[in-house]
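The values are calculated or read from the model by the stated rules, or taken from the named source; none is laboratory data. Everything numeric here is computed off the predicted structure, so don't read it as measured data. Cβ atoms come from the backbone with ideal geometry, glycine included; neighbour counts cover every protein chain shown.
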Amino acid sequence: MASNPFSNAMAQLEKAATTMGLPVSIHQILQQPKRVLTVSLPIRMDNGDVRVFTGYRSQYNDALGPFKGGIRFHPDVNIDEVKALSFWMTMKCATVGIPLGGGKGGIIVNPKELSEGELERLSRAYIRAIYKYVGPTQDVPAPDVYTTPTIMAWMLDEYERLVGEHAPGMITGKPLSLGGSQGRGFSTAQGGVYVLREAVKKLGIQPQGTSVAVQGFGNAGSFMAKILEKEGYRIVALSDSKGAIVVNDMASGSLSVTQVDGHKQQTGSVTGFNGTKEISNADLLKLPVDILIPAALENVITKENAAELQAKLIVELANGPVTPEADVILHDRGILFVPDILANAGGVTVSYFEQVQNASNYYWTEEEALQKLEKIMIDAFNAVWERKTRFNIDMRTAAFVTAVERVSEGMKARGLV
Ligand code: GLU
């Protein structure tokens, strides 16, 4: 069952529960979502046919605030993945200490095969199916894999038509014109950079000359690569769903991330970029680099490859990229990993800022948003590091302990346990 993300999530919880002596009642509540919606979405395709899609929304835990988390459009979406992702959102919001719970949604679809019109009809149908259960004080969706600000705008518009009033705080990751926040577009990566800076300080690494491989060139990975390049790191390998590239001269070469981005815009992939060799996504993970950044999907670092990884530091921008068996191997090998629920929490943190701005109808500058983000990320890193040291555990278990302590506090205060 190692590849089932929900079993993995529960194994992570179990490890934290044992470390901290979590009361059974709290552990049991955290072992299942509060509610999972499964919806059928019949869509009129451009050719006149009707196709039926399946969508989910898992509302995991709302002890600390409204459910919060993105919506994924991907052919591999399934109920266990959505449940795991909603559990991780609960842990993520608590790790960074924002007053939100955890939720996640998904539709089984390859959005690259849909026209813009079909995608809009699907996005609106999803909101019609779940609108009674979402809203600024209930459950607040956002972008995730293959969903965008444009999709958030359609979803907001559909919701506002249904409820008959403006409610910009019902969804985040919106375009600026509809109440999006400055900085939200690259906030997952920016948050990752803030914690990476803390992690490299602990390891005594300097940015100059340090090599980095990034798996995934989407919302999180592409911005992470760009920001790290600006900070002086050497980006030596990048990838997308079609394949990976590694710079020919691994010893001193580096990629211009902006040029790779341009190449991807033109050709549809990072592969085939000048001065690089094409390798597989699996091989990218095993390159002799200093820092490895998985920024795509779950379960890429497993017991099969964890012993072969060569990085000193792993910063998990993806959700769930490392399995529990691999955690043990990495920890034993002395590889430091900054877990997803800390490393990629910058996205949901700026989503929280977006909601705050929507509620007050007053908007911040990018500088203000980033300043606040930096403080939250550094404080969270230090809180997790403190528990790592105190219990002599890996960073993931330390992050779970931090989060579960906070969610438990909320449950106790409510008299739930
Ligand atoms: N989908 C992102 C995540 O996994 C962002 C969620 C949000 O902003 O609510 O953290």
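Residue count for segment 150-170 under the criterion of being within 19 Å of Ala220 (Cβ to Cβ) and either buried (at least 21 other Cβ atoms within 10 Å of the Cβ) or among the aromatic types (Phe, Trp, Tyr) (or both): the result is 2.
Cβ-Cβ distances below 6 Å connect the following pairs, each with a first residue in segment 180-194 that is on the phi > 0 side of the Ramachandran plot, a second residue that is within 13 Å of the ligand (Cβ to nearest atom) and in a helix (DSSP H, G or I), and a separation of six or more residues or different chains: Gly183/Val350. Can you confirm whether Tyr352 is touching a residue at least 40 places away in the same chain (Cβ under 8 Å) and part of a helix (DSSP H, G or I)? Here the answer is yes, as Tyr352 does meet what is asked.
Does Asp249 fit the bill of being more than 16 Å from the ligand (Cβ to nearest atom) and either crowded, with 18+ Cβ neighbours inside 10 Å or of a type in the set (S, T, N, Q) (or both)?
No: the conditions fail for Asp249.
Just wondering, is there one or more residues in segment 361-369 that are crowded, with 24+ Cβ neighbours inside 10 Å, within 16 Å of the ligand (Cβ to nearest atom) and either outside any loop (DSSP other than H, G, I, E, B) or free of Cβ contacts under 8 Å to residues at least 60 places away in the same chain (or both)? Checked against the condition, which is being crowded, with 24+ Cβ neighbours inside 10 Å, within 16 Å of the ligand (Cβ to nearest atom) and either outside any loop (DSSP other than H, G, I, E, B) or free of Cβ contacts under 8 Å to residues at least 60 places away in the same chain (or both), segment 361-369 yields no hits at all.
Quick grid of which residues meet (1) of a type in the set (Gly, Ala, Ser); (2) under 15 Å from Met411 (Cβ atoms); (3) over 21 Å from the mean Cα position of the chain (by Cα); (4) surrounded by 14 or more Cβ atoms within 10 Å (Cβ to Cβ):
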| site | (1), (2), (3), (4) |
| --- | --- |
| Ser3 | yes, no, no, no |
| Gln12 | no, no, no, yes |
| Thr19 | no, no, yes, yes |
| Thr38 | no, no, yes, no |
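If I filter segment 373-395 for residues that are hydroxyl-bearing (Ser, Thr, Tyr) and within 15 Å of Gly183 (Cα to Cα), do I get at least one hit? No, segment 373-395 has no match at all. Among all residue pairs at least 6 apart or on different chains, which show Cβ distances below 7 Å where the first residue, located in segment 259-276, is within 14 Å of Gly218 (Cβ to Cβ) and among the aliphatic types (A, V, I, L, M) and the second is part of a loop (DSSP other than H, G, I, E, B) and at pLDDT 95 or above? Final answer for the pair search is Val260/Val270; Val260/Phe273; Val270/Phe217.
Given the criteria under 19 Å from the mean Cα position of the chain (by Cα) and under 18 Å from Ser239 (Cα atoms), does Asn319 qualify? For Asn319, the condition - under 19 Å from the mean Cα position of the chain (by Cα) and under 18 Å from Ser239 (Cα atoms) - is met. Taken as a whole, the condition of being in contact (Cβ under 8 Å) with a residue 24 or more places away in the chain, surrounded by fewer than 24 Cβ atoms within 10 Å (Cβ to Cβ) and within 14 Å of the ligand (Cβ to nearest atom) does not apply to Ile341.
May I ask you to verify whether Tyr126 is modelled with pLDDT of 95 or more, more than 14 Å from the ligand (Cβ to nearest atom) and in contact with a helix residue (DSSP H, G or I) (Cβ under 6 Å, 6 or more places away or on another chain)? Outline the logic, then answer.
Values: modelled with pLDDT of 95 or more: yes; more than 14 Å from the ligand (Cβ to nearest atom): yes; in contact with a helix residue (DSSP H, G or I) (Cβ under 6 Å, 6 or more places away or on another chain): no.
Against the criterion (modelled with pLDDT of 95 or more, more than 14 Å from the ligand (Cβ to nearest atom) and in contact with a helix residue (DSSP H, G or I) (Cβ under 6 Å, 6 or more places away or on another chain)), Tyr126 does not qualify.
Restricting attention to segment 190-209, the residues that are away from the ligand (no atom under 12 Å from the Cβ), surrounded by 15 or more Cβ atoms within 10 Å (Cβ to Cβ) and either of a type in the set (Lys, Arg) or part of a helix (DSSP H, G or I) (or both) total 9. Kindly indicate whether Gly117 is away from the ligand (no atom under 15 Å from the Cβ) and not acidic (Asp, Glu). Criteria met by Gly117. Of the strands (runs of 3 or more DSSP E) lying entirely inside segment 21-84, those containing at least 1 residues that are within 16 Å of the ligand (Cβ to nearest atom) and out of contact with any Ser or Thr (no Cβ under 6 Å at 6 or more places or on another chain) are 50-61, 71-74.
From the list Ile329, Ile301, Ile335, exactly one residue is within 25 Å of Met377 (Cβ to Cβ), without any contact (Cβ under 8 Å) to a residue 60 or more places away in the chain and surrounded by fewer than 24 Cβ atoms within 10 Å (Cβ to Cβ). Which is it?
It is Ile335.
Taking into account only those residues within segment 95-113 that are of a type in the set (A, V, I, L, M) and within 13 Å of the ligand (Cβ to nearest atom), which is surrounded by the fewest Cβ atoms within 10 Å (Cβ to Cβ)? Walk me through it before giving the result.
Filtering segment 95-113 down to residues of a type in the set (A, V, I, L, M) leaves 96, 98, 100, 107-109.
Narrowing the set further to residues that are within 13 Å of the ligand (Cβ to nearest atom) leaves 96, 98, 100.
Values: Val96: 27, Ile98: 21, Leu100: 25.
Looking at the filtered set, the residue picked out is Ile98.
With respect to (1) within 13 Å of the ligand (Cβ to nearest atom); (2) in contact (Cβ under 8 Å) with a residue 40 or more places away in the chain; (3) part of a helix (DSSP H, G or I), the lone exception for Met152 is condition (2).
Per-residue answers, yes or no, for (1) under 26 Å from Asn110 (Cα atoms); (2) in contact with a His (Cβ under 8 Å, 6 or more places away or on another chain); (3) among the hydroxyl-bearing types (Ser, Thr, Tyr):
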{"site": "Ser211", "(1), (2), (3)": "no, no, yes"}
{"site": "Gly216", "(1), (2), (3)": "yes, no, no"}
{"site": "Phe223", "(1), (2), (3)": "yes, no, no"}
{"site": "Arg234", "(1), (2), (3)": "no, no, no"}
{"site": "Gly253", "(1), (2), (3)": "no, no, no"}
{"site": "Val260", "(1), (2), (3)": "yes, no, no"}
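Please determine whether any residue of segment 52-71 is in contact (Cβ under 8 Å) with a residue 24 or more places away in the chain, surrounded by fewer than 20 Cβ atoms within 10 Å (Cβ to Cβ), over 29 Å from Gly117 (Cβ atoms) and basic (Lys, Arg). Within segment 52-71, not a single residue is in contact (Cβ under 8 Å) with a residue 24 or more places away in the chain, surrounded by fewer than 20 Cβ atoms within 10 Å (Cβ to Cβ), over 29 Å from Gly117 (Cβ atoms) and basic (Lys, Arg).
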